Amino acid sequence: MTQKARVIAFYLPQFYPTDINNKWYGNGFTEWTNVRKAKPLFKGHYQPRIPTDLGYYDLRYPDTRQHQAQLAEEAGIEGFCYYHYWFGEGRRELEIPFNEILRLGKPDFPFCLCWANQSWYSKFWNKDTDREDKLIIEQLYDSPEWVAKHFYSLLAAFRDSRYIKVDGKLLFMIYRPLEYPDIKKFIAHWRLLAMENQLNDFYFVGQAVNEAQASKILELGLDGVNIVRMNDFLHEFKYNNLFIKAFNKLQRFLQMAPYHYDYKKISKYFIKPNGMELRENVFPTLIPNWDHSPRSGKSGLVFYDSTPENFSVHLSKALNIVENKPDRQKIIFLKSWNEWGEGNYIEPDLKYGKGFLKILRIFLSNN
C-alpha cells in the first residue's frame with residue numbers, strides 16, 4: 001500500500017525546571033510560565049491557550065511522555081524530532097526527557113534528533129525579564145576531539161531500534177547548518193564514526209527558510225533540506241495587501257497589538273506548488289498555528305483564525321507536494337508538536353480539543 005506521508009513532529013523539551021532557567025527567570029520557570037500569563041491583545045485574539053488532555057505537564061514524568069506518543073500515533077504521526085541542545089565541549093541543556101526515553105525504552109515510539117545549534121538569549125523564553133537580549137549560553141563549535149565526544153554521547157540513541165531512518169540511514173537534522181563554520185568536516189567526521197561503530201551512515205538534513213538557503217545547504221553536502229516557508233507571505237503582502245500591512249504597522253507603532261495576519265489567507269504560501277519541495281530530498285513543513293505573544297507580547301507575530309478546518313487545506317497541499325515521491329522520502333515536518341509559548345502546537349487545547357489531531361488522522365489514513 002502506498003504511504004501518504006511520513007509526518008515527523010518537532011518536539012520541545014522545555015517543560016520542566018532547570019538550573020539555567022531558575023537562574024535567569026526565577027525558580028520553577030518553564031514554557032508554561034508565559035503560556036499561563038498570556039492575554040488577548042486585539043479583538044478576536046485567542047489567548048490564553050489552555051491545554052486539556054495533557055494539562056500543564058512536566059516532562060520528567062514518563063506517563064506524560066507516553067500519553068503524548070499515544071496521541072501522536074493515533075493521529076498518524078510517524079515520530080518525534082526532539083530538539084537536542086549541545087553548546088560545545090559537553091555543555092547540554094534540556095536533556096532529561098530524552099535521556100529518560102532512552103533509559104526506559106518508553107514510549108515505544110519512533111524518534112530522531114534536531115541539533116538546535118543556536119545561542120540562547122534571555123528574550124527567547126520570557127518577555128518580562130529585565131535582562132532582555134542578554135547572552136545566556138553561546139553556541140560554540142568543537143575541536144575534532146569534542147566532535148567525536150558529541151557523537152559518542154548520542155551513540156545509544158543512534159543504536160536504538162526506534163531511531164527514524166531514511167534509506168536505512170539515521171535522520172539527523174542540523175537546525176542552522178549555514179552558521180557552522182566547519183560543517184563539511186563535522187559531517188565527514190560523523191560519517192566516519194558511524195562506519196567505525198557499525199552504523200549505516202547518517203541522513204543529514206538542514207533547515208532553511210527560503211530556497212536560496214536550501215540550495216546552499218545542499219551544496220555543503222547535506223543529504224536533504226527541510227524548508228520552512230513561514231515568512232513567504234510577507235513578500236506577497238508587501239505588494240498585494242498594503243492596507244493590512246499599514247494597519248499592522250500603525251498598531252505596532254501605537255503599542256496596541258502585535259503583527260497579526262489571517263491564517264486562512266497566508267497559509268497558502270507555506271507550501272509552494274512548483275517550489276523546491278518537489279525534489280525528493282527537500283521536505284515541506286506543516287504549520288498548524290503561530291502566536292508568539294506569550295513570549296514577545298505586543299512585539300510578537302500572530303496568525304489568527306488558525307482553525308483545524310483551515311489547517312486541513314494547508315495539510316492537503318503538503319500531501320499533494322509529496323504524493324509522487326518514493327515512500328521513504330515522503331517526509332513532511334510538523335512545526336510543531338508542543339511549542340506552546342509560540343502558539344505553535346498540535347496537542348489538545350480547551351478551544352479545539354483534539355481537532356488538529358483528528359484532521360491529521362483523517363488525511364493520513366489510507367482507509
- Query: What residue, among those in the range 89-122 that are within 19 Å of His67 (Cβ to Cβ) and of a type in the set (A, V, I, L, M, F, W, C), is surrounded by the most Cβ atoms within 10 Å (Cβ to Cβ)?
  - Reply: Ile101
- Which of the residues that make up the range 219-241 are crowded, with 18+ Cβ neighbours inside 10 Å and within 24 Å of Ser143 (Cα to Cα)? Leu222, Asp223
- Find the residue count for the range 181-198, including only residues that are in contact with an Asp or Glu (Cβ under 8 Å, 6 or more places away or on another chain) and open to solvent by 30 Å² or more (accessible area, probe 1.4 Å). 2
- So Ser215, is it surrounded by fewer than 17 Cβ atoms within 10 Å (Cβ to Cβ) and either of a type in the set (Lys, Arg) or assigned to a helix (DSSP H, G or I) (or both): yes
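With respect to Asp201, determine if the residue is surrounded by fewer than 19 Cβ atoms within 10 Å (Cβ to Cβ) and either among the acidic types (Asp, Glu) or modelled with pLDDT under 95 (or both). Show your work before the answer.
Values: surrounded by fewer than 19 Cβ atoms within 10 Å (Cβ to Cβ): yes; either among the acidic types (Asp, Glu) or modelled with pLDDT under 95 (or both): yes.
Considered against the rule, which asks whether it is surrounded by fewer than 19 Cβ atoms within 10 Å (Cβ to Cβ) and either among the acidic types (Asp, Glu) or modelled with pLDDT under 95 (or both), Asp201 comes out as yes.
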- Message: Condition first: more than 19 Å from Glu100 (Cα to Cα) and of a type in the set (Asp, Glu). Now tell me which residues in the range 50-76 satisfy that.
- Response: Asp53, Glu73, Glu74
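Take the residues in the range 31-70 that are among the hydrophobic types (A, V, I, L, M, F, W, C) and buried (at least 18 other Cβ atoms within 10 Å of the Cβ); name whichever of them is farthest from Gly300 (Cα to Cα). Can you show your working first?
Applying the first criterion (among the hydrophobic types (A, V, I, L, M, F, W, C)) to the range 31-70 yields 32, 35, 38, 41-42, 50, 54, 59, 69.
If we keep only those that are buried (at least 18 other Cβ atoms within 10 Å of the Cβ) as well, we get 32, 35, 38, 41, 59, 69.
Details: Trp32: 17, Val35: 14, Ala38: 12, Leu41: 10, Leu59: 26, Ala69: 30 Å.
Restricting to residues being among the hydrophobic types (A, V, I, L, M, F, W, C) and buried (at least 18 other Cβ atoms within 10 Å of the Cβ), the top hit is Ala69.
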- Item | Where a residue in the range 34-56 is under 23 Å from Ser122 (Cα atoms) and its partner, wherever it lies, is β-branched (Val, Ile, Thr) and assigned to a loop (DSSP other than H, G, I, E, B), with Cβ under 9 Å and at least six apart | Val35/Ile50; Arg36/Ile50; Tyr56/Thr30; Tyr56/Ile50
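Each row is one residue, and each column tells you yes or no for (1) touching a Phe, Trp or Tyr at 6+ places or on another chain (Cβ under 7 Å); (2) within 26 Å of Leu113 (Cβ to Cβ).
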{"residue": "Pro13", "(1), (2)": "yes, yes"}
{"residue": "Thr18", "(1), (2)": "no, yes"}
{"residue": "Phe29", "(1), (2)": "no, yes"}
{"residue": "Lys43", "(1), (2)": "no, no"}
{"residue": "Gln47", "(1), (2)": "no, no"}
- Scanning the range 1-21 for residues that are within 14 Å of Ile96 (Cβ to Cβ) and open to solvent by 20 Å² or more (accessible area, probe 1.4 Å), which turns out farthest from the chain's Cα centre (by Cα)? Asp19
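The values are calculated or read from the model by the stated rules, or taken from the named source; none is laboratory data. Predicted model only: the values in this text are computed from it and were never measured. No Cβ is skipped: glycine too gets one built from the backbone with ideal geometry, and neighbour counts run over all protein chains shown. In case anyone asks, the SASA skips ligands and DNA or RNA and just uses the protein heavy atoms, side chains included. Shrake-Rupley method; radii C 1.70, N 1.55, O 1.52, S 1.80 Å.
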